[in-house]
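Encoded as structure tokens, the structure appears first; notes follow it.
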Amino acid sequence: STWHSSDIDHVIVSEEQIREKTAELAKQVAADYADVESVLLVGVLKGAVMFMADFARALGRSGPPVEMEFMAVSSYGQGTTSSGVVRILKDLDRDIAGRHVIVVEDIVDSGLTLSWLLKYLESRSAANVDVVALLRKPDALRVSVPVRYVGFDIPSEFVVGYGLDYAERYRDLPFVGVLKPSVYGRG
Ligand code: PRP
Ligand code: MN
Ligand code: MG
């Protein structure tokens, strides 16, 4: 619809770029995890929902058997900057002890959410924990956090689409774009 597109200043990652990169990342993970019995993808709701769905299908084509779990955490609330305070809104449903866990994130911004999450998952005795993130903002990192698989490094602008929201909107856009600053002022 028109209000969507008119709120976007410019596209940063197109639908086609996302599709190609997702396949490429899945190939790398499939190669690195060729010898394991299964991988447990942990998608971080809500932002990772689109990438999780596409990445899991891509990995499932060539990689080891895939299982999916979801956690919901929130650090941003309604704002555009991370508060650093991570709340668990939905925990894991199952034990992850001894599992090969891959956290699936839409974006690593300050790194605070992921840094907290990695500690949490390691405390649950996973065999190993890797991270695949579609997007990363290198200039915004506030803590060093190991992200083994990264789709795109992007500038520190507020982006939405393909799962990423501003005040819960724009997650449904099939691409990632920069929101017009004038939109922040609303509502
Ligand atoms: C966003 C995004 C990442 C996190 C990254 O989630 O989806 O999970 O922030 O930011 P950080 O690296 O600065 O911690 P958000 O807290 O907005 O929740 P959401 O996924 O439900 O939108
Ligand atoms: Mn998120
Ligand atoms: Mg958000």
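Of the candidates Ala53, Ala48, the single residue that is touching a strand residue (DSSP E or B) at 6+ places or on another chain (Cβ under 9 Å), small (Gly, Ala, Ser) and in contact (Cβ under 8 Å) with a residue 24 or more places away in the chain is Ala48. The set of residues from region 110-140 being over 27 Å from Glu16 (Cα atoms) and either within 16 Å of ligand 3 (Cβ to nearest atom) or not small (Gly, Ala, Ser) (or both) comprises Leu112, Thr113, Trp116, Leu117, Leu118, Lys119, Tyr120, Leu121, Glu122, Arg124, Asn128, Val129.
Just one of the listed residues (Lys90, Lys137) is touching an Asp or Glu at 6+ places or on another chain (Cβ under 6 Å) and at pLDDT 95 or above, namely Lys137. Here Val108 qualifies as within 13 Å of the chain's Cα centre (by Cα) and either within 14 Å of ligand 1 (Cβ to nearest atom) or surrounded by fewer than 17 Cβ atoms within 10 Å (Cβ to Cβ) (or both).
In region 59-78, the residue that is modelled with the highest pLDDT out of those that are within 14 Å of ligand 2 (Cβ to nearest atom) and either more than 19 Å from Ser115 (Cβ to Cβ) or among the charged types (D, E, K, R) (or both) is Phe70. Assessment of region 11-30 against the conditions (within 14 Å of Val101 (Cα to Cα) and either aromatic (Phe, Trp, Tyr) or more than 16 Å from ligand 3 (Cβ to nearest atom) (or both)) yields at least one matching residue. Candidates are the residues of region 120-162 that are hydroxyl-bearing (Ser, Thr, Tyr) and more than 16 Å from ligand 2 (Cβ to nearest atom); the one that is nearest to the chain's Cα centre (by Cα) is Tyr149.
The residues on offer are Ala167, Ala133, and the sole one that is among the small types (Gly, Ala, Ser) and under 25 Å from Val101 (Cβ atoms) is Ala133.
Here Leu135 clears all of (1) within 12 Å of Met71 (Cβ to Cβ); (2) crowded, with 20+ Cβ neighbours inside 10 Å except the condition numbered (1). Hey, could you check region 31-58 for residues that are part of a loop (DSSP other than H, G, I, E, B) and aliphatic (A, V, I, L, M) and say which is farthest from ligand 3 (Cβ to nearest atom)? Within region 31-58, the match that is farthest from ligand 3 (Cβ to nearest atom) is Ala34.
The values are calculated or read from the model by the stated rules, or taken from the named source; none is laboratory data. The shown structure was predicted, so the numbers you read here are calculated from the model rather than taken from an experiment. Every residue, glycine as well, gets a Cβ built from its backbone with ideal geometry; the counts of neighbours run over all protein chains shown.
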